[in-house]
Amino acid sequence: SEWGWCHIDQTRTKSTDNSKGVYTEYQVEVITTSSGVVRIGKRYSQFLDLHRKLSKMFPHAPTPPSAGKLFSGLRSSMWFNRFDPAVIEKRRTRLEQYVNALMGTPVLVRSAPLKAFLASGLILS
């Protein structure tokens, strides 16, 4: 696989395009064999969407251990405290573990949803 591993080293709070809301962007650094380091920005909802797609396409593939704590229903405490630095840090760590587990699973790392996820949202700065 051309994807090696990922590191989520930073987060930042951003405004939505219509400026009616804010969200946390997780800055994902992906190491590839072909392009070196690629930096992408992703929202939590995009990780959740990826998880749902992969779970549907590959119901028998092993689920990364961190997935249960990350995506097991919308807990009100996570929703209401989602900008709390401790919540963001916990999510950052679990999202990093999650993506690295996906990248270590051959059937998933070659899948179209994961490739599309890793190839979009490029950060140029």
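Would you confirm whether any residue within the range 30-45 is touching a strand residue (DSSP E or B) at 6+ places or on another chain (Cβ under 6 Å), in contact (Cβ under 8 Å) with a residue 40 or more places away in the chain, open to solvent by less than 40 Å² (accessible area, probe 1.4 Å) and farther than 26 Å from SER15 by Cα?
Scanning the range 30-45 turns up no residue that is touching a strand residue (DSSP E or B) at 6+ places or on another chain (Cβ under 6 Å), in contact (Cβ under 8 Å) with a residue 40 or more places away in the chain, open to solvent by less than 40 Å² (accessible area, probe 1.4 Å) and farther than 26 Å from SER15 by Cα.
In the range 21-29, is there at least one residue being farther than 21 Å from VAL109 by Cβ, out of contact with any Phe, Trp or Tyr (no Cβ under 9 Å at 6 or more places or on another chain) and free of Cβ contacts under 8 Å to residues at least 12 places away in the same chain?
Checked the range 21-29: at least one residue is farther than 21 Å from VAL109 by Cβ, out of contact with any Phe, Trp or Tyr (no Cβ under 9 Å at 6 or more places or on another chain) and free of Cβ contacts under 8 Å to residues at least 12 places away in the same chain.
Working only within the range 16-29, note down all residues that are under 22 Å from ASP84 (Cα atoms), polar (S, T, N, Q) and either surrounded by fewer than 18 Cβ atoms within 10 Å (Cβ to Cβ) or touching an Asp or Glu at 6+ places or on another chain (Cβ under 6 Å) (or both).
Matches in the range 16-29: THR16, SER19, THR24.
Provide a single number: the residues in the range 7-37 that are touching a Leu at 6+ places or on another chain (Cβ under 8 Å) and at pLDDT below 85.
Of the residues in that region, 0 qualify.
What are the residues in the range 98-115 that are touching a helix residue (DSSP H, G or I) at 6+ places or on another chain (Cβ under 9 Å) and open to solvent by 60 Å² or more (accessible area, probe 1.4 Å), if any?
So the first thing to find is which residues in the range 98-115 are touching a helix residue (DSSP H, G or I) at 6+ places or on another chain (Cβ under 9 Å), and the list is 98-99, 101-103, 108-109, 111-115.
Within the range 98-115, ALA112, LYS115 meet the criteria.
So which residues in the range 101-125 are in contact with a Pro (Cβ under 8 Å, 6 or more places away or on another chain) and closer than 18 Å to TYR44 by Cα?
Passing the criteria: ALA101, LEU102.
Can you name the residue in the range 90-125 that is of a type in the set (Lys, Arg) and farther than 17 Å from SER66 by Cα and is also nearest to the chain's Cα centre (by Cα) among such residues? Quick ask: steps written out before the conclusion?
From the range 90-125, those of a type in the set (Lys, Arg) are 90-92, 94, 110, 115; that's our starting set.
Subset that is farther than 17 Å from SER66 by Cα: 110, 115.
Numbers: ARG110: 16, LYS115: 12 Å.
Among those that are of a type in the set (Lys, Arg) and farther than 17 Å from SER66 by Cα, it is LYS115.
Before we move on, is LYS69 of a type in the set (Lys, Arg), at pLDDT 90 or above and open to solvent by 60 Å² or more (accessible area, probe 1.4 Å)?
Values: of a type in the set (Lys, Arg): yes; at pLDDT 90 or above: no; open to solvent by 60 Å² or more (accessible area, probe 1.4 Å): yes.
It is false that LYS69 is of a type in the set (Lys, Arg), at pLDDT 90 or above and open to solvent by 60 Å² or more (accessible area, probe 1.4 Å).
The values are calculated or read from the model by the stated rules, or taken from the named source; none is laboratory data. Computed from a predicted structure; not experimentally measured. Glycine also receives a Cβ, built like all others from the backbone with ideal geometry; neighbour counts cover every protein chain displayed. To get the accessible areas, we keep the full protein, side chains included, count just its heavy atoms, and leave off ligands, DNA and RNA. Shrake-Rupley method; radii C 1.70, N 1.55, O 1.52, S 1.80 Å.
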